[in-house]
Amino acid sequence: MKTGIIAALLLGLTTGANAELSVDEIVTKANEAAYYAGSDGRADVTMNIVDKSGSTRTREFTLLRMNTKGGSQKFYVYFKKPADLYKQAYIVWKEVDENKEDSRWLWLPALNLNKRIAPGEKRTSFVGSDFVYEDVSGRNLKEDTHELVETTATQYVVKNTPRNPGDVEFSYYTVMIDKDTFLPRKAEYFDKNGKLYRTVEATKVETIQGFPTVIESVVKDLNTGGSTINTFSKIEYNIGLKEASFEERFLRRPPREVTR
């Protein structure tokens, strides 16, 4: 789970076999590692948003994830703290078909508003943090071209360039991928002028139920000096979630898995 904002991993091949992998095979395995551990997953997340002066705001939420047919997925985020975000919910239906757009809904209880998030908004701030909405469910691999630019003893370094550069704020981003677990360990985003402006890093990893899992991730905005740290706890895989729990009607009334 990217627990992201989320994370979990597929076990990799041996180092010798990995050397023969194509870049498309590498990024596919990295995507599976970061988002597809088990058939489903659950985690509690504490998000600390730190501005350049050191002031901190905290959010707490529960994240559910379920794999569905053909590689598609569904995600559910339910906020528990602070008080002004209590009961706010976010649902994603992630599509792998390049001809289909992901569906995203946000429930704002204070306004009694069910908001559909447009595709163009997926790169905007997630609840005031340095993460973006797209970080929760991950970016579709088909939206970028991929180039293996470096291989070290422990990592693959892949450069990803958007096929539709007008749709995003970056010109490209690089990802450092662990050769043993295929877990993406760090991503660096470069703006239209080629300047590094954003990093996302898995800073702590543990093995849970046999899956290497990110338990802490940090995103830094190098332009503002701000950062956001996500810490994951009570992580579980293969808990038997039902697809009905991710229907839009559960925005107002969360499924029992998020309130237990």
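Here Val96 meets each of (1) modelled with pLDDT of 90 or more; (2) surrounded by fewer than 18 Cβ atoms within 10 Å (Cβ to Cβ); (3) of a type in the set (Val, Ile, Thr) with one exception, condition (1). Filtering region 232-260 down to residues that are of a type in the set (Phe, Trp, Tyr) and modelled with pLDDT of 90 or more, which residue is farthest from Ile208 (Cα to Cα)? Restricting to residues being of a type in the set (Phe, Trp, Tyr) and modelled with pLDDT of 90 or more, the top hit is Phe246. Filtering region 154-168 to residues that are of a type in the set (A, V, I, L, M), within 14 Å of Val27 (Cα to Cα) and either in contact with a helix residue (DSSP H, G or I) (Cβ under 7 Å, 6 or more places away or on another chain) or touching a residue at least 24 places away in the same chain (Cβ under 8 Å) (or both) leaves only Val158.
Counting only strands (runs of 3 or more DSSP E) that sit wholly inside region 141-260, those with at least 1 residues that are among the acidic types (Asp, Glu) and closer than 14 Å to Ala34 by Cα are 172-178, 196-208, 211-221. If you go through region 1-31 and keep only what is at pLDDT 95 or above, touching a Phe, Trp or Tyr at 6+ places or on another chain (Cβ under 8 Å) and either within 15 Å of Met66 (Cα to Cα) or not hydrophobic (A, V, I, L, M, F, W, C) (or both), you end up with just Lys29.
Considering only region 144-153, I want to know if a residue exists there that is in contact (Cβ under 8 Å) with a residue 60 or more places away in the chain and under 19 Å from Val45 (Cα atoms). The answer is no, given that none of the residues of region 144-153 is in contact (Cβ under 8 Å) with a residue 60 or more places away in the chain and under 19 Å from Val45 (Cα atoms). One residue is enough: does region 157-177 have a residue meeting the conditions closer than 23 Å to Phe75 by Cα, modelled with pLDDT of 95 or more and touching a Phe, Trp or Tyr at 6+ places or on another chain (Cβ under 8 Å)? No: region 157-177 contains no residue that is closer than 23 Å to Phe75 by Cα, modelled with pLDDT of 95 or more and touching a Phe, Trp or Tyr at 6+ places or on another chain (Cβ under 8 Å).
The values are calculated or read from the model by the stated rules, or taken from the named source; none is laboratory data. Predicted model, so just to flag it, every value in this text is computed and none were measured. With ideal geometry, Cβ positions are generated from the backbone for all residues, glycine too; neighbour counts draw on all protein chains shown.
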